[in-house]
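Below: the structure, in structure tokens.
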Amino acid sequence: MPASALTNTKNKRTQNVVSALTVRAQLGQILKRASEKDERFVVDRRDKPSVIIMSVRDYIRTIAPAPAAYRAIRQQAKKNGTSSLTMRDIDREIAAVRRERSAKKKANQPKG
């Protein structure tokens, strides 16, 4: 694959510059390298940078990182051992809390 390299000095990541024609011919290989190796590809069209191909994981990590509150919640969940709960487990927990609250309300209501 003909590609020249540009160095991004911010994170020392090497980006591959490829022509649109090369991308058309080798899209599968480029997508595989982007997703498996977190490589980035700058696609040139008529000698002008047109688009960037990068993995979703790389995009989230560098372009759209999780807000600090989400990171704190994730860390707390890992610490508590609740980070591996399934949606079914979560739904059960919510239902149990709602039943408890409902029972407390009924117990605290004046009889009459």
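Round to the nearest 0.05 the FRET efficiency obtained for LEU85 and ARG46 when R0 = 41 Å and r is the Cβ-Cβ distance.
0.20
Working only with C-alpha atoms, what are the Rg and Dmax values of segment 68-108, expressed in angstrom?
Over segment 68-108's Cα set, Rg and Dmax evaluate to 13.8, 40 Å.
Using only Cα atoms, tell me the angle between helix 87-108 and the longest principal axis of the chain; keep it within 0 to 90° and round to the nearest 10.
30 degrees
Can you give me the angle between helix 20-37 and the longest principal axis of the chain, using Cα atoms only, in degrees from 0 to 90, rounded to the nearest 10?
Value to nearest ten degrees: 40.
Sorting check: for 30-39, 99-108, 47-56, which peptide has the highest mean count of neighbouring beta carbons within 10 Å, and how do the rest follow?
Peptide ranking by packing, descending: 30-39, 47-56, 99-108.
Fully extended, how many nm does the chain gain between GLN76 and VAL97 (0.36 nm per residue separation, minus their Cα-Cα distance)?
5.6 nm
Once R0 is set to 35 Å, what does the formula 1/(1 + (r/R0)^6) return for the Cβ-Cβ distance between ALA68 and LYS32, expressed as a FRET efficiency to the nearest 0.05?
With a Förster radius of 35 Å, E is 0.60.
Rounded to the nearest 500, what is the 222 nm mean residue ellipticity of the chain from helices alone, with -39500 (n - 2.57) per DSSP H run of 4+ residues and division by all residues?
After summing the helix terms and dividing by residue count, I get -17500 deg cm²/dmol.
Give the label of the value calculated from the structure for Rg/Rh (Cα atoms, Kirkwood Rh), choosing from (i) 1.23; (ii) 1.34; (iii) 1.53.
(ii)
A short reminder: the numbers here are calculations on the coordinates, not readings from a lab. Since we're looking at a predicted model, the values are computed, not measured. Neighbour counts are summed over all protein chains in view; Cβ atoms, including those assigned to glycine, are modelled from backbone coordinates with ideal geometry.
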